[in-house]
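Visitor: Below is one structure. I have some questions about it.
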């Protein structure tokens, strides 16, 4: 089983994230931010990964540090769990609709961090959650998981639907990329010999 647990402790946040890439889609989430927990649950469920998040952050200031640091820690846990990447499919993609919203996520376990984020949210907040923090979550993830990630919301009028399609598509694309390909057993999916 490809599993990892990572802790991150700063003056702003204290976070523990565990991940099992070959799980059943189970999640235990306690970030202190209900909407963030709801979105990470989408990654777990649609990525068929078990994810546990325990976070305490300076929410009396705002949610920025907590959201970004959960993304960072999840990225670190993913990188640790995926290991040397031998035998994985490497690339993943998914389109996910939810009513009027449609998002596309494409990623590469490239070993190089990169985020292209083509999302124009229809409103600035979902409840009390600032939608700008969704970009911060994914930036934190790619910087520490070392993946290239393209996220595009192709249409949508409801910001909650836009967000949910993004996180569901991300989970499915991540699952595809991390999946072990029996034809690639023990083989590095790169002409360079490393990722």
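Visitor: Any residue in segment 110-122 that is out of contact with any helix residue (DSSP H, G or I) (no Cβ under 7 Å at 6 or more places or on another chain), under 26 Å from residue 23 (Cβ atoms) and surrounded by 15 or more Cβ atoms within 10 Å (Cβ to Cβ)?
Guide: Taking every residue of segment 110-122 in turn, at least one turns out to be out of contact with any helix residue (DSSP H, G or I) (no Cβ under 7 Å at 6 or more places or on another chain), under 26 Å from residue 23 (Cβ atoms) and surrounded by 15 or more Cβ atoms within 10 Å (Cβ to Cβ).
Visitor: Kindly indicate which of 46, 38 is crowded, with 20+ Cβ neighbours inside 10 Å and not in a loop (DSSP other than H, G, I, E, B).
Guide: Details: 38 fails: crowded, with 20+ Cβ neighbours inside 10 Å.
The unique qualifying residue is 46.
Visitor: Looking at segment 183-195, which of the residues that are exposed (fewer than 11 other Cβ atoms within 10 Å of the Cβ) and in contact (Cβ under 8 Å) with a residue 12 or more places away in the chain is farthest from residue 45 (Cα to Cα)? Steps first, please.
Guide: Restricting attention to segment 183-195, the residues satisfying the condition of being exposed (fewer than 11 other Cβ atoms within 10 Å of the Cβ) are 183, 185-186, 191-194.
Now restrict to residues that are in contact (Cβ under 8 Å) with a residue 12 or more places away in the chain: 185-186, 194.
Numbers: 185: 26, 186: 28, 194: 30 Å.
Looking at the filtered set, the residue picked out is 194.
Visitor: Does segment 158-167 contain at least one residue that is surrounded by fewer than 18 Cβ atoms within 10 Å (Cβ to Cβ) and within 23 Å of residue 188 (Cα to Cα)? Steps first, answer last, please.
Guide: The first filter runs over segment 158-167 and keeps only residues surrounded by fewer than 18 Cβ atoms within 10 Å (Cβ to Cβ), leaving 158.
With the extra rule that they be within 23 Å of residue 188 (Cα to Cα), the set shrinks to none.
Among the residues of segment 158-167, not one is surrounded by fewer than 18 Cβ atoms within 10 Å (Cβ to Cβ) and within 23 Å of residue 188 (Cα to Cα), which makes the answer no.
Visitor: Let me ask something additional. Using the structure shown, decide if residue 135 is part of a helix (DSSP H, G or I) and modelled with pLDDT of 95 or more. Let's see the steps before the verdict.
Guide: Details: part of a helix (DSSP H, G or I): yes; modelled with pLDDT of 95 or more: yes.
So residue 135 fits the description; yes.
Visitor: Select from segment 129-157 the residues that are without any contact (Cβ under 8 Å) to a residue 24 or more places away in the chain and either crowded, with 19+ Cβ neighbours inside 10 Å or touching a helix residue (DSSP H, G or I) at 6+ places or on another chain (Cβ under 9 Å) (or both) and list them in ascending order.
Guide: Taking segment 129-157 and keeping what is without any contact (Cβ under 8 Å) to a residue 24 or more places away in the chain, we get 132, 135.
Within segment 129-157, just 132 meets the criteria.
Visitor: Mind checking which pairs have a first residue in segment 17-32 that is on the phi < 0 side of the Ramachandran plot and part of a loop (DSSP other than H, G, I, E, B) and a second that is exposed (fewer than 14 other Cβ atoms within 10 Å of the Cβ) and at pLDDT below 95, Cβ under 9 Å, 6 or more apart or different chains?
Guide: 21/1; 22/1; 23/1
The values are calculated or read from the model by the stated rules, or taken from the named source; none is laboratory data. Because the structure is predicted, anything quoted here is derived from the model rather than measured. A quick note on method: Cβ atoms are made from the backbone with ideal geometry, for glycine too, and the neighbour counts reach across all protein chains shown.
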